[in-house]
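Please read the structure below before turning to the comments.
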Amino acid sequence: MLLLKVDVYVARGVCRVVLNGELDMETIAQLQEVVGKVGEHTLEVDLSGVSFVDSTGLKSLLDINNDWRQKGGRMLILRPQPDVAEVMQLVGLDRLLAQNTAPAGEER
Amino acid sequence: MRRCLECAKKEPGRPCVDCKYFIQQGPLRRVLSPPVRVLLEDEHGKQYPAHILVFNTTGFGLETEAPVPGRYVIRLQESLWVEVAGVPFRGKNNVRLFDIICVHRRQGTASRLNSDEYQLLAGSAGELVQEITRHLPEHLQDLVREKLLAEVEKSELINALRVGKVMKYEGGRFRYLSGQADLDLPMEEAEKLMRQATRQAEHRREVIISADGQKVFDLHGVPFDYRSGGLLAFDITEVIEKERRMHRQEMQAYRDAIAAVTGGRLYLANGKEMEKVVSEGAELAKGEVRQTHDLPEARRAIREALPALDSRKRHAIALCLSEALTNTLKHAGGGCWQARQSGDAVRIIVRDRGPGIKTSELARATLMQHYSTKNSMGCGFTLMLYYADYLYLNTAPSGTALALDFGIGPADRLKQYQ
């Protein structure tokens, strides 16, 4: 069984990485590998299909964000599920959330 | 000064060591018996053997062929060497006074020996080392002495070395050499140590508790050849007891501090208390984590074991289990977990056999949000503190145990009986 599915969509200078599954010590490498190949200015990580993120997963999101900012780019986290959003808020990562994020299921 | 020249002519047989004109008389003047063998090294690296006959904190009376005047370095230990300069017209024959110009230590330099260094030469440690090396073949003496002094220096118990016993081991028999004769050693253990030391031709050290459990000995075995060696034994019972007492006090202080900042929710349990905590109630599920792919498996198992809880609580419990297990993977190569139910609480227990959390890092590791020794965000404990109602932590060099209690509210309990 695949624990994390990573899909990449690129359009108009924006790379959207859509995750499905769980993000933890076991699966962060998959995300890091995909993100390592992204060259676009803006990176969007869609968490709507992620049912579980722990502190190791959050740390890897934070690292990716720091990386992107250092390169002068922009990274946004989209549509976390409520449990995940709560954990993000607890560790202060909600600042990475896209403002006015469209609710899960609705495409831009 | 002229006295020495005259003395050399008139009384060539009179020893300089006891002469008050040779080296300053005073309470810190020490005659070494037997003399300590050292090497003088000049700036070109040429070495002259010498014996320290007498010394105080500012000078040495040496028996040596080294030319005077002249500047030399004496290496007393790996990280301790002394620059000396020969004083002309002081002493006679081959006995000369050398002023200490500079003492180099790992921590810096000084113009005289400090009390520890003085003790090293004059006090028990130096004497013990002398005793042992005196019986050695000449070509081995320096080597063994150097090794031994380095060992003694490394041992943080240098202050406890006052009490000791030195024995010579030869072909299975011990002979008392010096020190505290009535020190009652576990001879069987001592012989085993000496056998290992002589067979492997290397210094062996072991801390041994006496058969009645009343005394703790620090035993050093120093091989001379394949069948003989020296045994140094120190009674460190008091030192150990002192350390234990300090550790207990320290733990109590940490316990109080941590309880205070967490509102009493994080409790540092001792081994006995922890045994009780991990055995209360009935087991719901258990598992083991050795690799990262065991993590999602553990979360699945715990969710399945708690079908009646609402999804938010199940998520919280799975998250905390995941955090605790991730810690065991990062710091201890894995661990095992258990879920138990006791009354109104689900208790998650995670144990590992890692090196434990150092007392000095305990507060930071558990309470600071971004502290981590292993490069993660370090907020795992923060999350556990947020979601769990009570946390019990026991950590020792043999491993760490963490128990997390999650209260089950009345609504959860109703669901359970549905």
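Once each part is reduced to its C-alpha centroid, what is the distance from the range B:1-64 to the range A:20-92 in angstrom?
75
Where nothing but the Cβ of Lys and Arg (+1) and of Asp and Glu (-1) is charged, how large is the charge dipole of the range B:157-311 around its Cα centre, in debye to the nearest 20?
360
Residue by residue through the range B:243-259, which ³J(HN,Hα) values in whole Hz follow from phi under the Karplus form 6.51 cos²θ - 1.76 cosθ + 1.60 (θ = phi - 60°), with glycine and proline marked x?
Calculated HN-Hα couplings, in order: 4, 4, 4, 4, 4, 4, 5, 4, 4, 4, 5, 5, 4, 4, 5, 5, 4 Hz.
Which entries in the list B:LYS165/B:LYS358; A:LYS5/A:LYS59; B:LYS92/B:LYS165; B:LYS20/B:LYS168; A:LYS59/B:LYS276 go over 30 Å, if you measure between the two C-alpha atoms of each?
From the list (B:LYS165/B:LYS358; A:LYS5/A:LYS59; B:LYS92/B:LYS165; B:LYS20/B:LYS168; A:LYS59/B:LYS276), the Cα-Cα distance tops 30 Å for B:LYS165/B:LYS358; B:LYS92/B:LYS165; B:LYS20/B:LYS168; A:LYS59/B:LYS276.
With unit charges on the beta carbons (Lys and Arg positive, Asp and Glu negative) and the dipole taken about the Cα centre of the range B:165-228, which residue among B:HIS203, B:TYR226, B:MET187 sits farthest to the positive side?
My answer, from the dipole projection, is B:TYR226.
Roughly how many debye, to the nearest 20, is the charge dipole of the range B:241-416 about its Cα centre, given +1 on each Lys and Arg Cβ, -1 on each Asp and Glu Cβ, and no other charges?
140
Check which residues have an amide H placed less than 5 Å from B:GLY334's amide H, if you skip close sequence neighbours.
Distant-sequence amide H within range of B:GLY334: B:LEU329.
Could you give the size of the charge dipole of chain A about its Cα centre, using +1 on the Cβ of each K and R and -1 on the Cβ of each D and E, expressed in debye and rounded to the nearest 20?
Charge dipole of chain A: 520 debye, to the nearest 20.
Quick check on chain A: helices-only [θ] at 222 nm, where DSSP H runs of length 4 and up contribute -39,500 (n - 2.57) each and the sum goes over total residues. Nearest 500, please.
Roughly -9500 deg cm²/dmol at 222 nm, from the helical runs in chain A.
In the range B:2-114, with Lys and Arg counted as +1 and Asp and Glu as -1 at Cβ, which of these residues, B:ILE23, B:VAL36, B:LEU80, has the Cα nearest the positive end of the dipole, that is, farthest along it?
Of B:ILE23, B:VAL36, B:LEU80, it is B:ILE23.
Taking +1 at the Cβ of each Lys and Arg and -1 at the Cβ of each Asp and Glu, which of A:LEU61, A:ASN20, A:MET75 sits farthest along the dipole of the range A:16-106 towards its positive end, judged by Cα position relative to the Cα centre?
A:MET75
Karplus couplings for the range B:195-210 from phi (6.51 cos²θ - 1.76 cosθ + 1.60, θ = phi - 60°), rounded to Hz, Gly and Pro as x?
4, 4, 4, 6, 5, 8, 6, 8, 5, 10, 10, 8, 9, 10, 9, 5
Once you have the Cα-Cα distance between B:ALA8 and B:THR58, take 0.36 nm times their residue separation minus that, and quote the gain in nm to one decimal.
15.6 nm
Specify the inter-centroid distance of the range B:241-315 and the range B:81-95, based on alpha-carbon positions, in whole Å.
Here the two parts' Cα centres lie 67 Å apart.
Obtain the nm distance between the two label points defined at B:GLU241 and B:GLN291 by a simple spin-label model: each point lies 7 Å from its Cα along the Cα-to-C-beta direction.
That separation, rounded to one decimal, is 5.2 nm.
Which value in nm describes the separation of the simple spin-label points at B:GLU189 and A:ASP67, placed 7 Å from the Cα toward the beta carbon?
Distance between label points: 5.4 nm.
Every read-out reported here was derived from the displayed coordinates using simple, explicitly stated rules and does not represent laboratory data. None of the values given here were measured: they were computed from a predicted structure. Every residue, glycine as well, gets a Cβ built from its backbone with ideal geometry; the counts of neighbours run over all protein chains shown.
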